[in-house]
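Asker: Here it is, the structure, as structure tokens.
The values are calculated or read from the model by the stated rules, or taken from the named source; none is laboratory data. Predicted, not measured: the structure shown is a model, and the values here were computed from it. Cβ coordinates were reconstructed from backbone atoms using ideal geometry, including for glycine residues, and neighbour counts include every protein chain displayed.
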Amino acid sequence: MTARQIQRIREQLGDYFKEFAGEFGRNERRRWCGKYLEGLLQEGERKSIKPLAARVGGDDQAWQQFVNQSPWDHDAVMFRLRSLMRRPAAEGGVLVLDDTSLSKQHRHSVGVARQHCGALGKIANCQSIVTWQWAGARGHWPLATRLYLPAEWTEDPARMAGAGVPPDRQGCREKWRIALELLDEMKPQLPAYQALVFDAGYGGILPLLTGLEKRAGPCVAQVPGNIAAWPIDAVASLAQAKRGRPAKHAKVQPLTVTEWRDRSLPEPSAWREVELLRADGAGVRAVAVSVQASQRAGRWRQPGTARWLLIEQLGDGTFKYHLSSFPADTSLEALVRLAHQRWAVEQNYQRLKEQPGLDHFEGRS
């Protein structure tokens, strides 16, 4: 890049930061925030404080003070970000619920514990962050984020207090409950969207699926293969007990979504090739059928809400399953393409880690 191009980028970054400057208060704090952003965007293998200070300049202590002690409000900055990004999001898109893990070698950063680490594909020492992101025709970006605190943190008040965890964040919350809280907070600012989409880690939690549909409209949720569903015309009837108390639950045996797949496979005409909206023209083989999703745990359950069951066969022969609350006249192509918009978020995580070093941050508080 030429010196003029670099200067132009520096000016653009400065203009962007001005949109948020009011949230950082004092001029000194704003100056160090600008330096921090500049350091994150520069080339360099590590994006933790000492390497940034060495590349951009300035005293290590001043950098540490800005990052660890400056009392600027994260929620206010995210509120401003969502307000700013409403304009490019106006064309419509989807809300994507997901989480990402940050591998850590030590146990001092807030929220670090041995838990499933998606980055490594196994149980490991890491942090986990619940996120809502926007994915649309003009790009994808974070809307809301919150650090998940495992039980070994929430059960240790002294540890949380020592790390400066705010009192209102010290309670134990499952990731799906955090997702609902974040959605409630940001909902008044959201532009018009087509659907909420998320992977099987969240799709297998039917109370979450129901809660999201009530709050925010139709979902396309990937689910694990053991989720059960009934035919759309199944009717629950309570069996009369010969002795003792009357039965309280329907004795209608559902099929798992894997069994639904095996039922549909012998009928090749039910499956169709759907081209994805990608430059390489890739597609998937898919079928959709109306079902009633399960509402209770255990093999004997009650039929639940009517939903689409979308089954996809990928190029490598594997299958993926989705439940969706879209209306009965929704096309197969629309369901498939909405489900696949979630993958843009995986690219977002990768870029956040590779370029500004999301997983390099060593937050001890």
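Asker: Taking the range 159-218 on its own, how many of its residues are closer than 23 Å to Gln341 by Cβ and basic (Lys, Arg)?
Answerer: 4
Asker: Moving to a separate point now. Identify, please: which residue in the range 45-60 is touching a residue at least 12 places away in the same chain (Cβ under 8 Å), within 28 Å of the chain's Cα centre (by Cα) and not in a helix (DSSP H, G or I) and is, among those, surrounded by the most Cβ atoms within 10 Å (Cβ to Cβ)?
Answerer: Selected residue: Lys47.
Asker: While we're looking at this one, here's another question. Quick test of your reading of the structure: Leu97 fulfils all but one of (1) touching a helix residue (DSSP H, G or I) at 6+ places or on another chain (Cβ under 6 Å); (2) touching a residue at least 24 places away in the same chain (Cβ under 8 Å); (3) outside the structural domain of Lys187 (by TED's automatic domain parsing); (4) closer than 25 Å to Val165 by Cα. Name the failing condition by number.
Answerer: (3)
Asker: Filter the range 107-116 for residues that are crowded, with 16+ Cβ neighbours inside 10 Å and at pLDDT 90 or above; which is farthest from Arg169 (Cα to Cα)?
Answerer: Applying the first criterion (crowded, with 16+ Cβ neighbours inside 10 Å) to the range 107-116 yields 109-113, 115.
From what's left, at pLDDT 90 or above: 110-113, 115.
Values: Val110: 12, Gly111: 12, Val112: 15, Ala113: 17, Gln115: 19 Å.
Per the stated criteria, the residue is Gln115.
Asker: Going by the conditions given, is Leu40 among the hydrophobic types (A, V, I, L, M, F, W, C), in contact (Cβ under 8 Å) with a residue 60 or more places away in the chain, assigned to a helix (DSSP H, G or I) and more than 14 Å from Ser70 (Cα to Cα)? Don't jump to the end; show me each part of the working.
Answerer: Working: among the hydrophobic types (A, V, I, L, M, F, W, C): yes; in contact (Cβ under 8 Å) with a residue 60 or more places away in the chain: yes; assigned to a helix (DSSP H, G or I): yes; more than 14 Å from Ser70 (Cα to Cα): yes.
Spelling it out, Leu40 is indeed among the hydrophobic types (A, V, I, L, M, F, W, C), in contact (Cβ under 8 Å) with a residue 60 or more places away in the chain, assigned to a helix (DSSP H, G or I) and more than 14 Å from Ser70 (Cα to Cα).
Asker: Could you go through the range 144-158 and let me know if any residue there is in contact with a helix residue (DSSP H, G or I) (Cβ under 8 Å, 6 or more places away or on another chain), of a type outside the set (Val, Ile, Thr) and at pLDDT below 90.
Answerer: The answer is no, given that none of the residues of the range 144-158 is in contact with a helix residue (DSSP H, G or I) (Cβ under 8 Å, 6 or more places away or on another chain), of a type outside the set (Val, Ile, Thr) and at pLDDT below 90.
Asker: Within the range 77-92, count every residue that is under 18 Å from Val345 (Cα atoms), over 17 Å from the mean Cα position of the chain (by Cα) and at pLDDT 90 or above.
Answerer: 1
Asker: Those residues that are exposed (fewer than 14 other Cβ atoms within 10 Å of the Cβ) and either acidic (Asp, Glu) or over 21 Å from Arg82 (Cα atoms) (or both), I need them from the range 20-40; list them, please.
Answerer: Arg26, Asn27, Glu28
Asker: Restricting to the range 1-26, and then to whatever is in a helix (DSSP H, G or I) and of a type in the set (Asp, Glu), can you tell me which residue is farthest from Gly39 (Cα to Cα)? Spell out how you get there, then give the answer.
Answerer: Quick first cut of the range 1-26, residues in a helix (DSSP H, G or I) only: 3-18, 21-24.
This time we only want the ones that are of a type in the set (Asp, Glu), so: 11, 15, 23.
On the way: Glu11: 15, Asp15: 17, Glu23: 20 Å.
The extreme case among them is Glu23.
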